[in-house]
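Structure first, then comments.
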Amino acid sequence: EDEVALEQEFTQHMMELVQSTGVAPELSQTPELKEAFEEEFRRRKIQAAQHKADLMRAHIEDQLAEGGWYSAFDDFVTDLSTYPTAFIKGPTIRKKTVLAWGRDENGKTVPKITDSLIPMFERIDPFRIYPEPGIEEINDGYLFEHKPMSRSDLSNLIGVPGFDDGAIRMALADGAHGSWFGSYNELTKNELEAKHNSWARTDLYDCLEFWGKVSGKMLLDWGMKPEEIQDDAKEYNACVWIVGNYVIKAMLNYDPLGNKPYHSTSMFKVPGALWGKAIPEMIEDIQGMCNAAARTLANNMGIASGPQVEIDISRLAPGEDITQIFPWKIWQVTADKSGGSNQAVRFEQPESNAQELMGVFKEFSRLADEHSGIPSYVSGDISV
């Protein structure tokens, strides 16, 4: 329709051009003028297409910003360098409170709070996603996502298309029971992920989100309409959410290819496997050598920081304190009973191997750059 409108507009423009130049209409069909008109028509089509592309680019960027894409992608990159596989999900439709503009009773433009359905993006914790064992791609089999939800998160799903409001209200009425992981496991996980001074929340609702094949009979039992399920004996690609004993959502996966709204990749892929390898696994042996060199370096620095002292305690004066040593200390000793000239207090300075150990550390750090594929200058070292 847009192309037809553009062609009609161009035809009108061509007629105006013919009239303004005084060229007879029959002469406007000469090869030269016809080629010029066609070139102008192509130029205007490209200009109109570029304008539409610019509008669509702005629209997409606005959706990404409102849907949390940029923060989700930052978290995804962190997971990518830490865990065997990183996951990101989206777009999924969520109800979100936004600021909009409306008019009051006097017709004045005022800001208003409204609920809007927005395509959202989120990073998925690799510890809370359970793909089917043995699959190579995320769309090859079924998938579970463990979603701890607060009461507010769960209540915000009321009114969102596809969710069962009655089941959500019953789940809310039953109350939260904490995470299936248990408070100890949650606290341990938080500590290992450097989430210090955090507590395991007990006001969470455990939700399982399932993507995969489900029989038509089960989908009908969960509230789907008979016109959506042609044969209750067949298996359908579906999405099912369960909170406690309640199915709060059961709907077909309407993607033509049955793809899930999840995307995953690994820093180092393993052929034939969904789970790959991350940087810590690739440099595990080298990291062990660097840590061993650093520990030995610290020990050697401590030992070589001062002298080792040998004291003949039989020659010390009564009350002499041998646990303290400081500059300009005067040692009170008695004569050597054996008649010899041995010293009562002898000092020996341990050898420092700091340079050699630091060389070992730097060499294995260089090997870590090669094994990980991340050169030093990426982290700010401009000397390589």
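The values are calculated or read from the model by the stated rules, or taken from the named source; none is laboratory data. Given the structure is predicted, the values throughout are model-derived calculations rather than measurements. For neighbour counting, all protein chains shown are included, and Cβ atoms are generated from backbone atoms with ideal geometry for every residue, glycine included. Areas reflect the complete protein model, heavy atoms only, side chains present, ligands, DNA and RNA absent. Shrake-Rupley method; radii C 1.70, N 1.55, O 1.52, S 1.80 Å.
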Cβ-Cβ under 6 Å pairs, at least 6 apart or on other chains, segment 333-361 side under 11 Å from Asn300 (Cα atoms), far side of a type in the set (Gly, Ala, Ser): Pro350/Ala304; Ser352/Ala304; Leu357/Ala293
Members of segment 254-273 found to be open to solvent by 30 Å² or more (accessible area, probe 1.4 Å) and either touching a residue at least 40 places away in the same chain (Cβ under 8 Å) or on the phi > 0 side of the Ramachandran plot (or both), listed by number: Leu257, Asn259, His263, Ser264, Thr265, Met267, Gly272, Ala273
Some residue of segment 359-370 being among the β-branched types (Val, Ile, Thr) and within 56 Å of the chain's Cα centre (by Cα): yes
Residue that is modelled with the lowest pLDDT, among those in segment 64-96 that are farther than 23 Å from Met282 by Cα, open to solvent by 50 Å² or more (accessible area, probe 1.4 Å) and in contact with a strand residue (DSSP E or B) (Cβ under 6 Å, 6 or more places away or on another chain): Lys95
Qualifying residue in segment 350-364 (condition: under 30 Å from Met267 (Cα atoms) and among the charged types (D, E, K, R)): yes
Strands (runs of 3 or more DSSP E) enclosed by segment 200-308 - at least 3 residues per element that are modelled with pLDDT of 90 or more and β-branched (Val, Ile, Thr): 235-243
Enumeration of residues in segment 113-157 that are open to solvent by less than 30 Å² (accessible area, probe 1.4 Å) and of a type in the set (A, V, I, L, M, F, W, C): Ile118, Ile124, Ile129, Ile135, Ile138, Leu143, Met149, Leu154, Leu157
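Can Asp369 be described as part of a helix (DSSP H, G or I), at pLDDT 85 or above and touching a Ser or Thr at 6+ places or on another chain (Cβ under 7 Å)? Write out each step before concluding.
Values: part of a helix (DSSP H, G or I): yes; at pLDDT 85 or above: yes; touching a Ser or Thr at 6+ places or on another chain (Cβ under 7 Å): yes.
So Asp369 passes the test.
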Test: residue in segment 40-53 that is within 20 Å of Pro119 (Cβ to Cβ) and among the basic types (Lys, Arg): no
Pair list, Cβ < 8 Å and 6+ apart or interchain, from segment 55-82 residues that are hydrophobic (A, V, I, L, M, F, W, C) to residues that are open to solvent by 80 Å² or more (accessible area, probe 1.4 Å): Leu64/Tyr70
Which listed residue is open to solvent by less than 60 Å² (accessible area, probe 1.4 Å) and among the hydroxyl-bearing types (Ser, Thr, Tyr), from Ser376, Ser352, Ser338: Ser376
Qualifying residue in segment 113-136 (condition: outside any loop (DSSP other than H, G, I, E, B), among the basic types (Lys, Arg) and more than 24 Å from the chain's Cα centre (by Cα)): no
For Gly373: the one exception among (1) farther than 30 Å from Asp140 by Cα; (2) free of Cβ contacts under 8 Å to residues at least 24 places away in the same chain: (1)
